[in-house]
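Quick notes on the structure that follows.
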Amino acid sequence: MDLVPKSRIDLDTAALGFRPDLVFPVVGVTFEGRQQVLAEASGLLVGGRISTQNGLLTIVAEPSNKFDPDAVSVSLRVDGALRPAGYVPKKWCPTCGTALPARDYNTTECLTCGRDLTGPEAFLNRYIKENYLDKGFVAGVSWIGNPVGTWAMRVGITRV
Ligand SMILES: [Zn+2]
């Protein structure tokens, strides 16, 4: 079973310049000035790519995070400084790409598409930490936008 619909992968492959294993939404982007970081980074994305390869994107485990020891943070380099942009979702649906809100962390089935959410890949931050961050990976921003008055972004990641 593909983790992400093929059409989504194809779309994001063009934006990323590599074929991602996973494409996920970054969560927590509305807090602590992160909207401004995304807004500024959107200008970078117009001019080129934002990736771990050119140092404009960083994805790191945050084991001392007081809310979640599995937290994985996403930062963007804007104006020469690495600034927090958000987090890898704690739980998501790999089929439709939806990040689940905290109240649904115990949900065993996606409310949108019905996919079983008990497999390890549904617990995304831990999955990314164990299968990508602890190994070799490349990641990039495949999309930043402001479609409904809130900046949002999508990241693709693959093993190298
Ligand atoms: Zn789903």
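Structure notes:
- Most tightly packed first, judged by the mean number of other beta-carbon atoms within 10 Å of their residues, the peptides 153-160, 110-117 read 153-160, 110-117.
- Contour minus Cα-Cα distance for residue 30 and residue 118 (0.36 nm per residue): 28.9 nm
- Degrees separating the helix 6-16 axis from the principal Cα axis of the chain, which is the longest one: 20 degrees
- Cleavage-rule hits (trypsin sites (Lys or Arg not before Pro)) in the stretch 26-93: DSSP loop, at most 16 neighbouring Cβ within 10 angstrom: 66
- For the stretch 44-93, the set of chymotrypsin sites (Phe, Trp or Tyr not before Pro) satisfying both a DSSP loop assignment and a count of at most 16 other C-beta atoms within 10 Å is given as 67.
- When the P(r) of the stretch 89-138 is calculated, the portion above 17 Å amounts to 31% of the C-alpha pairs.
- Kirkwood-Stokes translational diffusion coefficient of the chain, alpha-carbon pairs, 20 °C, 1.002 mPa s, µm²/s: 136 µm²/s
- Nearest 10 degrees, 0 to 90: helix 34-47 Cα axis against the chain principal axis: 70 degrees
- Its relative contact order, with pairs defined as Cα atoms under 8 Å and 6+ residues apart, puts the chain at 30 percent.
- Pairwise FRET efficiency - residue 96 versus residue 54, Cβ, R0 = 22 Å, nearest 0.05: 0.15
- Alpha carbon centroid spacing (whole Å) that separates the stretch 92-160 from the stretch 8-46: 12 Å
Taken together, the values in this text are just the output of simple stated rules run on the coordinates, not laboratory data. Model, not experiment: these values are computed from the prediction. Cβ coordinates were reconstructed from backbone atoms using ideal geometry, including for glycine residues, and neighbour counts include every protein chain displayed.
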